[in-house]
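The values are calculated or read from the model by the stated rules, or taken from the named source; none is laboratory data. Quantities reported herein were computed from a predicted structural model and do not represent experimental measurements. Counting neighbours? That spans all protein chains shown, and the Cβs are built from the backbone with ideal geometry, glycine included. Side chains are part of the model used for accessible areas, which takes the heavy atoms of the whole protein and leaves out ligands, DNA and RNA. Shrake-Rupley method; radii C 1.70, N 1.55, O 1.52, S 1.80 Å.
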Amino acid sequence: MARYLQEMPHLMLTCLLIILLSATAAADQLGTSFQTIHSGPGLSLHKEMFMLPVTWSNEYNGRMTETVFQVSAKHRLFNTRLYFAYTQISFWQAYDHNNSAPFRETNYNPELFYRTSLFNFRPEYIGADIGFEHESNGQKPPTSRSWNLIYFSPYYHQANWLIYMKLRYRIPEKDKEFPGAAVGDDNPDITDFLGYSDLHVQYRTRHGHSMHVTLRGNARTKKGGVSLIYTIPVPTSERSSLGFRVSHGYGESLVDYNKSLTRVGVGVFFDR
C-alpha cells in the first residue's frame with residue numbers, strides 16, 4: 001500500500017499539468033495513419049485487432065496449440081474529448097477436439113478516458129490520454145483475475161513514428177479473508193510481474209510495412225515482458241494486412257500473469 005501512495009502524487013500532478021496545458025493548446029487532431037491516436041467521431045481502432053489462426057507457445061503447443069484473436073475499438077462520446085474503449089483478447093484451443101476445443105482464457109478490458117488536444121510543434125505532435133480501465137477474465141475463484149487502473153499515457157507522433165508510454169496506478173483492493181474467497185484481491189502481486197508502465201514504439205515504412213514493439217516490467221523485481229508485431233500490407237486490401245506477433249515474458253493473459261511464456265503467431269491484422 002505504501003508503494004501505491006508514493007506513486008500516486010507524482011502521477012496526479014503530471015495529469016493535472018497536462019490537463020491545464022491542453023486547455024490552451026491550439027492544435028487539434030490532424031490526419032494521421034495511426035488510428036490509435038485518431039480522435040474523430042465514430043468508431044476507430046484502439047489497440048491492434050487481429051486473428052492468429054495458429055500460434056506456438058512453450059506451454060500451449062501440440063493439440064493445445066491456440067488460436068489467438070483480439071478485437072478493440074474506441075468511440076468519442078457526445079462530441080467531447082471523453083472516449084469509451086473496449087478490448088477483448090481470447091485464447092482458443094481450437095485444435096484440441098478431444099476436449100471440445102475450449103476457450104482457455106478471455107480477457108475483457110473496458111476503458112473510459114479523456115484525450116487532450118494535440119500540441120502542434122511541426123512536424124511533431126504531442127498529446128496524452130488520462131483514464132480509468134478495468135481488466136478481468138470473468139472467472140470464478142480460483143482462476144479469477146482482475147485489476148482496476150488509473151492511467152496517464154503521453155504520446156509523441158512524427159511522420160511515420162508513434163511513441164507512447166502508459167503510466168498506471170493500480171487501485172488497491174482488500175485482501176481475501178481466506179484462500180478461494182469470492183471477495184478480495186485475486187492477484188495482489190500482479191504489479192510485481194507487470195510493473196507500473198508500458199512503453200510502445202510504432203513505426204511505418206513508406207511501403208506500408210508496420211512494426212510495433214511493447215516493453216513492460218518492474219525494475220525492482222526484474223520481471224516483465226516484450227512483444228513485437230510486424231505487418232505487411234496486402235495489395236488488394238486497404239483494411240487488412242498479413243503479419244506475425246512474437247511475445248515473451250509475463251502478462252500475456254491475466255490467468256498467466258505470473259508465468260513466463262513465449263508465443264509466436266501468424267495471421268491477419270485488421271486496419272492499423
Scanning segment 218-231 for residues that are open to solvent by less than 80 Å² (accessible area, probe 1.4 Å) and without any contact (Cβ under 8 Å) to a residue 60 or more places away in the chain gives Asn218, Thr221, Lys223, Gly224, Gly225, Val226, Ser227, Leu228, Tyr230, Thr231
Just one listed residue, out of Arg63, Arg81, is open to solvent by 30 Å² or more (accessible area, probe 1.4 Å) and under 24 Å from Thr36 (Cβ atoms), and it is Arg81
**Prompt:** Before we move on, is Tyr108 at pLDDT 95 or above, part of a loop (DSSP other than H, G, I, E, B) and within 21 Å of Val255 (Cβ to Cβ)?
**Reply:** no
Expected output for segment 173-185 (first residue at positive phi, partner charged (D, E, K, R) and open to solvent by 50 Å² or more (accessible area, probe 1.4 Å), Cβ below 9 Å, 6+ apart or cross-chain) is Gly184/Glu173; Gly184/Lys174; Gly184/Asp175; Gly184/Lys176; Gly184/Glu177
Going by what's in this entry, would Thr87 be described as at pLDDT below 95, surrounded by 16 or more Cβ atoms within 10 Å (Cβ to Cβ) and not aliphatic (A, V, I, L, M)?
no
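Residue by residue, here is whether (1) on the phi > 0 side of the Ramachandran plot; (2) at pLDDT below 95; (3) not in a strand (DSSP E or B) holds:
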site: His212; (1), (2), (3): no, no, no
site: Leu215; (1), (2), (3): no, no, no
site: Thr221; (1), (2), (3): no, no, yes
site: Gly225; (1), (2), (3): no, no, no
site: Leu228; (1), (2), (3): no, no, no
site: Ser237; (1), (2), (3): no, yes, yes
site: Arg245; (1), (2), (3): no, no, no
site: Val255; (1), (2), (3): no, no, yes
When segment 120-137 is checked residue by residue, the ones that are part of a strand (DSSP E or B), open to solvent by 40 Å² or more (accessible area, probe 1.4 Å) and over 30 Å from Tyr257 (Cβ atoms) are Asn120, Glu124, Ile126
Filter segment 183-217 for residues that are within 25 Å of Ser144 (Cα to Cα) and more than 16 Å from the chain's Cα centre (by Cα); the one that is least open to solvent (accessible area, probe 1.4 Å) is Asn187
